[in-house]
Amino acid sequence: MSSNPEQRPNLYALTWRLPIIFWQLIFFVGPVLFMVAMSFFLVKNYRMTEAFEFVNWSRMLTRGFFWDSYWYTIGIATLSTVCAMCIAFPAAFALAFRASESTRRWAIFLLIIPFFTSYLVRTFSWFVILSESGVVNAMLGYVGLGPYTMLNTNFGTLVGYMTLTLPLVVILQTVTMANIDKNLIEAARNLGCSPLRTIWQVIIPLSKTGLIIAAIFCFILSFGDFVAPFYLGGSQEPTLPILILDTTKSGQQWPRAAVVAIMMMVTLFAIAFTGIALAYRKGKGAK
Amino acid sequence: MYRPTVTSSLFGLNRRQLLKAGGAAVLTTPFVSRAWAATTEINMLAWYGHGEPDVVAEYEEANNVKFVPKYYAGGDNMLALIAQSPPGTYDLILSDAEFVQQLNAAGYIEEMNAADYPLDDMLHEDFSQFPGHWADGKMYSMILRGGHLGVSYNKNSVTEEEAQSYACFWKPELEGKVGHFDWHLPTLGMMSLYDGNGAGLWDLNDDQWAKVQETTMSLRKQVGGFFDYGGTFNGLKNGEMQAMCGIGDWITGVLEKDGAPVASVIPKEGGIQFTESYSIGKGSEKADEAKKFIQYMMSPAGQVKSAQMAAYPGFCVTKAGRAALVEADMAEAKRSHQIDGDSQDPITLIKEGRIHYRDIPQQQTLEDWNDFWSEYKSA
């Protein structure tokens, strides 16, 4: 009798995987399970007490303001993703196909630099630029335009989201496109494909996985961001992260905040899994 | 050949002198270290600013104590922090007056001896037995300062006459330019006053509460944002917001001192008073130190420090404190109307019945108000 060696667990490989498994258990699975449990707890005299009640779920999910925030957050995060993808694409295209290897490396390095500084500080710097007496309006004033209200609007929120996500999206798109086999592009051009058609029918399909991953990252970051909608959007139409803050501020309703957080996670999982499924789906005729 | 000895090489001391010096050093070391250890740490739970150097540094130096402040934003937050901490964590608790009752009911604060504090020197008789500060004839909190909330506005957009009514928030020119301090209590209190509920502003029946909600909702189109302290400050300073609902001189006062064209007034419908009081935390091992500090803050010097607090100003509550402020800082006394005979004198406003102490809703829960606030924000 002999066992199939391919089916035997590889202890060596498993050992090396242990740290990531532990990390996930301690910092992700554990807190998520606690959060789920917490959503059934009650708050008495500003103190959480263990219970198994559905009151937090019914209270939050039957409130109009929750669903208003929910759809608004999905909407503005989607808009942010579309904007970031559109703005990033030409830059990434140029870096991937037009720039030299060293220029691309420098550009990626420069795109990483913003992550060395605090996002909150970068957000606050927009006050000086976007306020009615700020830099943009001052410049527009020279040509007889404005002043325009940019802070405390959806535009302000979007600017904040771009501050957070755009460098990452450009990097992901650039790396993806730079890895496309250039021969395929040349072949398309040699066969009479126009530049635009080459982009649509060769470059985008070939970089589909990376583009979708970039979009998912952008959506996730925007969806969960508190800073931009609070400080640059003026908390007008609160997003779900702001709703979490509001809920904990009043009566320390952490269990109700947990309900909001779980709804956010479920949404993000659904979107991420759908996106990943799309990213790795094989096209017609693929083997 | 000369060979340096140990005694001659060590600062020219002989062996006997060296032993003496060493012995003295050894014997005095415990006293030195005890002197260092005598710096007592006092844990303070307070709104931002109360534990900052401009208020406490002088006292710390004179009394060899060190304040360790833990700042909160909002009474709910304060209660939660205490509830989640072991007894005795906080020696000194600065609370909004409307939450003292809850602190006491939950057993978080110590009884205080009224004789330790200048209750006979209060600027208003209400301050001696401030609502909620006493229970069963026992005192649990000492009123420290107050401030009034009304119409806060940019003088370039709103005239002083217009600011005499909350109606100015609905001024068409202010569309998108009215900001909210992001806390339901002050704004909904103001809307209740605007609806004519006067002294009953917190005690609303269903119809009155529905009307307050309707009035508030009608203001939504004017609103340009909901802000925390920093955002409120910035919004008024950079002109993004031309009027603010839910605040008062505690924010505009800081900007005004900085030269910004902003002001706060108490409109004809009335204003709301925030009141801050000190309590001693239950189980504190430094209750005496905490009491001593409260006594200092109630002294003329302490009252001046409180009135001049850099984070946000508040008015003095003792007569001696006001007199000291007038003598020490006439400009601030004038700016904040803490001058006898001034028509906007905070004490005069209270006496005229134009000011109502901030409270919590009587017939609804805080959650009801907060839920409506969330609805209002997302409208």
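Read-outs throughout are calculated quantities, based only on the coordinates presented, and are distinct from any laboratory measurement. Quantities reported herein were computed from a predicted structural model and do not represent experimental measurements. Here Cβ is always computed from backbone atoms with ideal geometry, including for glycine, and neighbour counts include all displayed protein chains.
For the protein assembly as shown, with only Lys/Arg (+1) and Asp/Glu (-1) charged at the beta-carbon, what is the dipole magnitude about the Cα centre, in debye rounded to 20?
Working: 51 positive and 62 negative charges, 841 e Å.
Here the protein assembly as shown has a charge dipole of around 4040 debye.
Give the Cα extents of segment A:192-255 along the principal axes, in whole Å, largest first.
Largest first, segment A:192-255 extends 67, 24, 13 Å along its Cα principal axes.
Using Cα pairs closer than 8 Å and at least 6 residues apart in sequence, work out the relative contact order for chain B, in percent. If you can, show how the numbers build up before the last one.
Working: 639 pairs, mean separation 84.6, N = 379.
Dividing the mean separation by the residue count of chain B yields 22 percent.
What is the Cα coordinate range of segment A:146-287 on the first, second and third principal axes, sorted by size from largest, in whole angstrom?
Rounded to whole Å, the extents work out to 67, 46, 20 Å.
About the Cα centre of segment A:63-280, how large is the charge dipole given +1 on each Lys and Arg Cβ and -1 on each Asp and Glu Cβ? Please answer in debye to the nearest 20.
My answer is approximately 380 debye.
Taking the radius of gyration and the Kirkwood hydrodynamic radius from Cα positions alone, what is the Rg/Rh ratio for the protein assembly as shown, to two decimal places?
Working: Rg = 31.6 Å, Rh = 29.4 Å.
Using Cα coordinates only, the ratio equals 1.08.
Using only the Cα atoms of segment A:226-281, build the gyration tensor, take square roots of its eigenvalues as a ≥ b ≥ c, and label the shape rounded, prolate or oblate: rounded if a/c is under 1.5, else prolate if a/b is larger than b/c, else oblate.
Working: a/c = 4.81, a/b = 1.72, b/c = 2.80.
Oblate, since a/c reaches 1.5 and b/c is not below a/b.
From the square roots a ≥ b ≥ c of the eigenvalues of the alpha-carbon gyration tensor of segment B:36-162, which class results: rounded (a/c under 1.5), prolate (a/b over b/c), or oblate?
Details: a/c = 1.60, a/b = 1.31, b/c = 1.22.
It comes out prolate by the Cα gyration axes.
Where Rh is the Kirkwood radius over the Cα pairs of segment B:272-320, the temperature 37 °C and the viscosity 0.692 mPa s, what D in µm²/s does Stokes-Einstein return? The partial results should precede the final answer.
On the way: Rh = 12.0 Å.
Roughly 274 µm²/s, to the nearest whole number.
May I ask which residue of A:F116, A:I244, A:S133 lies farthest towards the positive end of the charge dipole of chain A, with charges of +1 (Lys, Arg) and -1 (Asp, Glu) on Cβ and the Cα centre as origin?
A:F116
Of B:K171/B:K211; A:K249/B:K334; B:K66/B:K291; B:K257/B:K377; B:K138/B:K286; B:K171/B:K351, which sit over 24 Å apart, Cα to Cα?
On the way: B:K171/B:K211 20 Å; A:K249/B:K334 36 Å; B:K66/B:K291 15 Å; B:K257/B:K377 31 Å; B:K138/B:K286 21 Å; B:K171/B:K351 30 Å.
Correct reply: A:K249/B:K334; B:K257/B:K377; B:K171/B:K351.
In whole Hz and in residue order, list the ³J(HN,Hα) couplings for segment B:276-293 that follow from phi through the Karplus curve 6.51 cos²θ - 1.76 cosθ + 1.60, θ = phi - 60°; x for Gly and Pro.
3J(HN,Hα) across segment B:276-293, in whole Hz: 10, 9, 9, 10, 9, x, 4, x, 5, 8, 10, 4, 5, 5, 5, 4, 4, 5.
Taking the Cα-to-Cβ direction at A:A277 and at B:Q129 and moving 7 Å from each Cα, how far apart do the two end points lie in nm?
With each label placed 7 Å out from Cα toward Cβ, I get 7.1 nm.
Which whole-Hz couplings ³J(HN,Hα) result when phi for each residue of segment A:246-263 is put into the Karplus expression 6.51 cos²θ - 1.76 cosθ + 1.60, θ = phi - 60°, listed in order with x for Gly and Pro?
4, 5, 6, 5, 8, x, 6, 7, 4, x, 5, 5, 5, 4, 4, 4, 5, 4
How would you order B:115-124, B:246-255 from highest to lowest mean count of nearby Cβ atoms within 10 Å?
On the way: B:115-124: 15.9, B:246-255: 24.0.
In decreasing order of mean packing, B:115-124, B:246-255 become B:246-255, B:115-124.
Residue by residue through segment B:315-331, what is 3J(HN,Hα) from phi via Karplus (6.51 cos²θ - 1.76 cosθ + 1.60, θ = phi - 60°)? Round to whole Hz and write x for glycine and proline.
Once θ is set to phi - 60°, the couplings for segment B:315-331 become 8, 5, 10, 10, 5, 5, x, 4, 4, 5, 5, 4, 6, 7, 8, 4, 4 Hz.
Chain B: Rg/Rh from Cα coordinates, Kirkwood Rh? Before the final figure, lay out each step's value.
Values: Rg = 25.8 Å, Rh = 22.8 Å.
Rg/Rh for chain B comes to 1.13.
With a ≥ b ≥ c taken as the square roots of the eigenvalues of the C-alpha gyration tensor of segment B:207-360, please select rounded if a/c is under 1.5 and otherwise prolate if a/b is larger than b/c or oblate if it is not? Write out the running numbers ahead of the final one.
Working: a/c = 1.70, a/b = 1.46, b/c = 1.16.
It is prolate, given that a/c is not under 1.5 and a/b is the larger ratio.
Given labels modelled 7 Å from the Cα in the Cβ direction, how far is it in nm from A:N190 to A:A270?
That separation, rounded to one decimal, is 4.8 nm.
For chain A, what percent of Cα pairs sit more than 36 Å apart?
Numbers: 14071 of 41041 pairs.
For chain A, the share of Cα pairs beyond 36 Å comes to 34 percent.
P(r) for segment A:70-133: what percent of alpha-carbon pairs falls in each 5 Å bin, starting at zero?
4, 13, 12, 16, 22, 18, 10, 4, 1
Using 7 Å Cα-to-Cβ label points, what is the A:S125/B:E58 separation (nm, one decimal)?
Output for this residue pair reads 4.0 nm.
Against the longest principal axis of chain B, how steep is helix B:15-37, in degrees 0 to 90 to the nearest 10, with axes from Cα atoms?
20 degrees
Counting each pair of different Cα atoms once, what's the Kirkwood radius of segment A:124-173 in Å, rounded to one decimal? All intermediate terms of the calculation are to be shown ahead of the outcome.
Details: mean 1/r = 0.0848 Å⁻¹.
Computed over segment A:124-173, the radius equals 11.8 Å.
Residues in segment A:85-106 near a label at A:I113, defined as backbone nitrogen under 17 Å from the 7 Å Cα→Cβ point?
A:102-106
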